[in-house]
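What follows is a single structure, written as structure tokens, with notes after it.
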Amino acid sequence: MDKLTFPQFPAAELVNFFRQKVLTGAEAKNFTKADIYPNPKPEWILKLFMRVLQRVFNIGVEQFYMVPMDLDIQYPHLMEGFAPSAYIVKLMARFLPMCLIYDFHPSDVLNPKGKRALYLLSGIVNFLHFRVTRQMVYTSVCLSYKSALDNIHQHQKTIQELEAKIEKLTTVPPEQQAEFKALSSDIHDLQQSINQEYRTKDLALQEKIAHQKADFAEKMKKVNQNKLNIATMKEEQDTMKSQIVESPEQRKNKTERMKENVHRLKQARQETSEKCDHYRERVTVAGLWLSDVQAYNKKQHSIETHMEIYRKILEELRQKEEQIMNENREMKSMVNEESQLKRTNLTKKEKLAKMDIKNQKKQEDFEHRKNEILEICSHIQEKRQAVHGRVSHVLQEIQQTTSRKQQQIEMAEEEKKKYKDLVSGFKSALEKYHESMIKTTNQSGERRREKVAKLNRRLIRQ
């Protein structure tokens, strides 16, 4: 009891719990602390155990008072008072290991003690609290499982509907299959021809534009370098003016150089202007091809409209595929949850199997003890039968003695009647004799009277 796996409650809390949760009516009102501790009453302990077993095992009250019919009991009405306590002992030996109490003894029910009763009742209360929490968890799991199944069925229905819609959208009706094939072949041919024409033209134009951009970039680099050179030259000129007085010959050389550079720049600018004019002419030539290009553009727009319709269909298909993927993910998650629940159920079943094995061992021990008790009861019953035989023999002897007594009393009454008749005859004879003697002898009366008195006394004594 020192190493408990559950808290031991005080007597007041146990009384409140059993009043509120287990007992009902007059039992809850009459139940007090003195019924449990320090001197527990066996009838209240039996009543509490009975109510707890009714709640846990869902047993009716009448089953506690039923005597098993497989036992050969000579006087079953004598076992009716012991049947409920024996049934409670049997069920408590099966129930208390669930409450982590493995040292149950029948004396805990038949002859309870205060601390032991508190220990057993606190273990039972702890199990009832645990039972309520597990019931809540089980009901929530059942509800979630039912909702999950409903969601799975709904998702399956939606998936089937979406698959039917996808089949309708992807399948072309037989009336439009020929047109669809013709349009698809024409669109494919037009795309190939347009792509080939545009690719050749685009490649040529892109090559020209690339060369021109390269030339223009090189020229711009040269112009920028010349601008930088001019700026540096001006800075050097300003510095040189401030430091040295230049000669006219150097100045002339520099001016000539500057003129040559300007001439070069003008030539480059003319070349660029000429190239720009050439490109303008090409642009005018390209304007002549606008009608053909517009016609191709119209065709391309019509193709693009068809392609947009096709893309929309593809987008719807992708959306539906995504929905299907999400629903499949949800299905996988639900399957995982189901597998987890199955695993938890398997672990619980394993625990229950272990508990059943322990309970079977306890039940075997209990049956062994029960067999020992039954053997003791059988010995007691044999002794009882022997005593019963002796009592019956004594009763027969008493009956015989009473019958003999009555016979002797009847014989004594008959003898009394005979003696009474004799005494009455003898008295009458004596009276006659006395009268005759009085008549005959008056002289010796006193002596004769004494003799007669003596004779009367002897007769009375006899």
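A few remarks follow.
- Probing with 1.4 Å while keeping every protein chain in the model, the per residue accessible area of the range 134-219 equals 82 Å².
- Spacing of the modelled spin labels on I313 and K416, each 7 Å from Cα toward Cβ, amounts to 13.6 nm.
- Reachable lysines, given that their alpha-carbon falls under 22 Å from the alpha-carbon of K146 and they are not under 8 places away in the same chain: K157, K332, K342, K348, K349
- Distance between the range 110-169 and the range 358-377 - C-alpha centres, whole angstrom: 36 Å
- Residues listed by number, the range 339-376, amide nitrogen under 18 Å from Y102 label point at 7 Å toward C-beta: 351-367
- Charge context of I159, other residues only, Cβ under 13 angstrom, K/R +1, D/E -1: -3
- With each label modelled as a point 7 angstrom along the Cα→C-beta vector, the A178-T32 pair spans 10.6 nm.
- Listed values for the range 181-189 are Karplus-derived 3J(HN,Hα) couplings in whole Hz (6.51 cos²θ - 1.76 cosθ + 1.60, θ = phi - 60°), namely 5, 5, 4, 5, 5, 4, 4, 5, 5, and x replaces Gly and Pro.
- Over all pairs of different C-alpha atoms, the range 152-242 has a mean inverse distance whose reciprocal, the Kirkwood radius, equals 20.6 Å.
- Computed from phi, the 3J(HN,Hα) profile of the range 153-159 under the Karplus parametrisation 6.51, -1.76, 1.60 (θ = phi - 60°) reads 4, 5, 5, 5, 4, 4, 5 Hz, with x in place of Gly and Pro.
- In this calculation the C-beta distance from E163 to R199 is compared with R0 = 45 Å, giving a FRET efficiency of 0.65.
- Ranked by the mean number of other Cβ atoms within 10 Å of their residues, highest first, the peptides 24-30, 155-161 come out as 155-161, 24-30.
- Shape category assigned to the range 92-219 from the gyration tensor of Cα positions, a/c cut at 1.5: oblate
- The Cα-based radius of gyration and maximum Cα-Cα distance (Dmax) for the range 26-65 are 11.3, 31 Å.
- Environment charge of G389, counting only residues whose C-beta is closer than 12 Å and scoring Lys/Arg +1, Asp/Glu -1: +2
- With K and R counted +1 and D and E -1, the other residues having a Cβ less than 11 Å from that of F366 yield a net charge of +2.
- Legend: distances between Cα atoms for K222/K275; K219/K252; K221/K266; K227/K259; K90/K358; K41/K113; pairs beyond 20 Å are K219/K252.
- Whole-Å distance, taken between Cα centres, linking the range 1-64 and the range 170-227: 93 Å
- Accessible area per residue for the range 340-429 is 93 Å², calculated with a 1.4 Å probe on protein heavy atoms, without ligands, DNA or RNA.
The values are calculated or read from the model by the stated rules, or taken from the named source; none is laboratory data. Predicted model, so just to flag it, every value in this text is computed and none were measured. Cβ atoms come from the backbone with ideal geometry, glycine included; neighbour counts cover every protein chain shown. Heavy atoms of the whole protein, side chains included, go into the accessibility calculation; ligands, DNA and RNA do not. Shrake-Rupley method; radii C 1.70, N 1.55, O 1.52, S 1.80 Å.
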